[in-house]
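Asker: Next up is a structure, given as structure tokens.
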Amino acid sequence: MMTKERFEYLLDAYGADFARWPAVEREAGRYALASDAKLAVAWAQAEALDDMIRLPVLSPSAQLRDQIIASAASAGHRARRVRRALWTLWSGAGVAATAVAGAALGMVIAHQLSAPMRADTVFYQASLQGADDTDLLGVEMAALDLNR
């Protein structure tokens, strides 16, 4: 036995067509509709609402259908040409940008990797026998003192 509240809930949720109702509720809904006049009034209101919101079935004319198909075909050709032109432009720019980025990254990495080697070279040169920068600066400073 279906309650009035349950019937009204299902009527609001699924409308006035038992085919849209859950299968387990249909038979009880039919019985409740047949046994209560107030539910019949609610059913009639729901049918009227369903009729108002039901979309009409429209079928386009053959001429309109042909115009739409022709328009879509020409739009596809235009879009394809634009897409091809953009692809050509961006693919060349992409290759150039990748080459520049690779070269810059290579220079940075080479500089970083060669830093220890440059430091070793400086230390090696400083350890050699002979005059270094401090000796040369010392000679220059002594020459300045003699001129006074």
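The values are calculated or read from the model by the stated rules, or taken from the named source; none is laboratory data. Every value quoted in this text rests on a predicted model; they were computed, and no experiment measured them. Backbone-built Cβ (ideal geometry, glycine too); neighbour counts: all protein chains shown. These area figures cover heavy atoms from the full protein model, side chains too; ligands, DNA and RNA do not enter into them. Shrake-Rupley method; radii C 1.70, N 1.55, O 1.52, S 1.80 Å.
Asker: Taking the range 30-53 only, how many residues are open to solvent by less than 60 Å² (accessible area, probe 1.4 Å) and part of a helix (DSSP H, G or I)?
Answerer: Of all residues in the range 30-53, those open to solvent by less than 60 Å² (accessible area, probe 1.4 Å) come to 32-33, 36, 39-40, 42-44, 46, 48, 50.
Keeping just the survivors that are part of a helix (DSSP H, G or I) gives 32-33, 39-40, 42-44, 46, 48, 50.
Number of matching residues: 10.
Asker: Can you tell me how many residues in the range 54-85 are part of a loop (DSSP other than H, G, I, E, B) and open to solvent by 90 Å² or more (accessible area, probe 1.4 Å)? Walk me through how you get there before you give the answer.
Answerer: Initially, the range 54-85 is screened for residues part of a loop (DSSP other than H, G, I, E, B), giving 54-61.
Applying the additional criterion that residues be open to solvent by 90 Å² or more (accessible area, probe 1.4 Å) yields 54-59.
Total meeting the criteria: 6.
Asker: Yes or no: the range 11-29 includes at least one residue that is open to solvent by 80 Å² or more (accessible area, probe 1.4 Å), touching a helix residue (DSSP H, G or I) at 6+ places or on another chain (Cβ under 6 Å), assigned to a helix (DSSP H, G or I) and without any contact (Cβ under 8 Å) to a residue 60 or more places away in the chain.
Answerer: yes
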